[in-house]
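Just below is one structure, and these are the notes that go with it.
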Amino acid sequence: MIENTIQIADCPPVSPQGLVPFRRFAEALSEFNDFDGFRQALARVVQEDSGYAGFLDLDADLASMQDSEVGEHFEMDSLVVPLSAGHDTGYIRFLGNEQGRPFDAEDLMWMGAISEFVSLAYANAKMHRESQDKARIFQYLINQLPLGVICFSGQGDLIVENKLASRLLGAVGTELMQRALADESFKSQGNLRLHLEVEGRLVYTEGRRLEVEAGLSFTAFVLHDMSAQREKLMLQIERSVFRAESRGQALTIAVLEDRSEAGKLLRILKASAGSLQLDPVSLASLDAYSCACIFADKSLRSVRYLLKKGLAGQLKQSAVVGALVSQVDHLDEAPAQSLIRAARADFQRLDQLLRPSLLVFDPYPAVIEALDLISSELCSFESIDAVRDCVSLIERGQFDGIFLDVDTFAHDGLKWLEEASAVAGAGFRVFYISHLQPTMVRSKFGLSADSMVFQKPFDADVIRDALLLQFDFA
């Protein structure tokens, strides 16, 4: 800023007439924020001055004035006072005073003081206009960005936001973000990730506190509109449902959620898409913390295997929840929304979700209770009591194996079990249970020597060791 100091200690006493211009200049300062208005008001003050009949021209540069123009400005009975605030900015020309007398020492003193005052006021007003111009240019530039941008002061007051941010945040989004700025974790870490639902739009934002200099900081946020991505995913799910139905193929939707860090799950899934055998268009986020994966022509059993192998060591399984869905109501007009809704209603921890799921075909409820007690942390068990239902579930690939009571179902079940197991694939496991010893069961029912047979009552260690071996638990 340009500084000028007017020394008044040795000046003559101020006459009431000399104070009048300064009172008028004070009135002109009310237009300071509007540069053009300020300039016009300042010119009017000088032109209307009754003590010194002068006029103000703030656009003429004395140094660049043409010789032919000099006569218009330098005349007898007039005085030209340049405005100097670090550079030539124009001049004031005083044509005389109302008494018609020559300018005396007091007149010259006040004209110099007025010129100093006008110079400073004009220079600061011009700087103010240039700052406004820069702000308008900056606003224009950030409005062209494809992302929403919004900045807050260190006290949480809004500084600037572009048009896209304004549209995404609506009437309440800005207030939600200001509340988040008061969060203790943000104060300590200096960065913030938020997922906002604003007027039906899905908005993900990342913010960081930045320090310009000591005592001057601000917080800048970048906003991503994820609504279109979610809508595209829903459309892809519906297409996959209709395609699977028309071709008679399997379809499994995996919905996973990790609320430990916004965006983390999506990054990991994208990086693992190859090992998960996922097409990039079949993987997208539902919000900042959850994603949906479309496994076309994949059974539940295959998806469990792919997720277990593809995400091994990359996620803290106890912190991630999810569900696998494949049952589609063919009469449903909105199958995508129904599948996602059903998945969210059935969320369980990832380590539980990826456990092998086994059928128990035994007439006695105590059998499934015993198996669940022995190895519930390794596998999940579901009782079944009808051959037809059992075959259907196995052939659709929803289960990883079966415990079959040969004492009750051998004569009716062994043949269909072999056929269903062949359809299910090599990964399907069959465990035979009986009150007889394993060697007698193999001999009586013609089972191979490597068939897994467990005698009732169960030996817990034998059951657990067999499951660990068969399903390759780390």
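The values are calculated or read from the model by the stated rules, or taken from the named source; none is laboratory data. Since we're looking at a predicted model, the values are computed, not measured. A quick note on method: Cβ atoms are made from the backbone with ideal geometry, for glycine too, and the neighbour counts reach across all protein chains shown. The accessibility values were calculated without ligands, DNA or RNA, using every heavy atom of the protein model including side chains. Shrake-Rupley method; radii C 1.70, N 1.55, O 1.52, S 1.80 Å.
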What translational diffusion coefficient, in µm²/s and rounded to a whole number, does the Stokes-Einstein relation yield for the stretch 243-304 at 25 °C and a viscosity of 0.890 mPa s, taking the hydrodynamic radius as the Kirkwood radius over Cα pairs? 202
What is the stretch 419-474 by shape, rounded, prolate or oblate, if you read a ≥ b ≥ c off the alpha carbon gyration tensor as root eigenvalues and call it rounded for a/c under 1.5, prolate for a/b larger than b/c, and oblate otherwise? oblate
Rounded, prolate or oblate: pick one for the stretch 350-474, where a ≥ b ≥ c are the square roots of the eigenvalues of its C-alpha gyration tensor, a/c under 1.5 means rounded, and failing that, prolate if a/b is larger than b/c, else oblate. rounded
Modelling each spin label as a point 7 Å along the Cα-to-Cβ direction, I'd like the residue 344/residue 416 distance in nm, to one decimal. 3.9
At a 10 angstrom cut-off on C-beta neighbours, averaged per residue, how do the peptides 315-326, 215-226 rank from highest to lowest? 315-326, 215-226
Distribution of pairwise C-alpha distances over the stretch 308-416, 5 Å bins, in %: 2, 10, 16, 17, 18, 16, 11, 7, 2, 0
What is the distance, in nm, between label points placed 7 Å from the Cα along the Cα-to-Cβ direction at residue 160 and at residue 235? 3.5
With a point put 7 Å past each Cα toward its Cβ, work out how far residue 277 is from residue 351 in nm, to one decimal. 2.7
Note down the Stokes-Einstein diffusion coefficient of the stretch 262-348 in µm²/s, whole number, using a Kirkwood radius over alpha carbon pairs, 25 °C, and 0.890 mPa s. 179
Using a probe radius of 1.4 Å on heavy atoms only, what accessible surface per residue do you get for the stretch 188-257? Whole Å² is fine. 54
What ranking, highest mean first, results for peptides 134-144, 253-263, 284-294, 461-471 when packing means the other Cβ atoms within 10 Å averaged over each residue? 284-294, 253-263, 461-471, 134-144
Taking the Cα centre as origin and putting +1 on Lys and Arg beta-carbons and -1 on Asp and Glu beta-carbons, what dipole magnitude results for the stretch 192-339, to the nearest 20 debye? 740
Could you please state how large a percent of the accessible area of the stretch 262-375 is carbon and sulfur, counting protein chains only and using a 1.4 Å probe? 52
Shape category assigned to the stretch 347-393 from the gyration tensor of Cα positions, a/c cut at 1.5: oblate
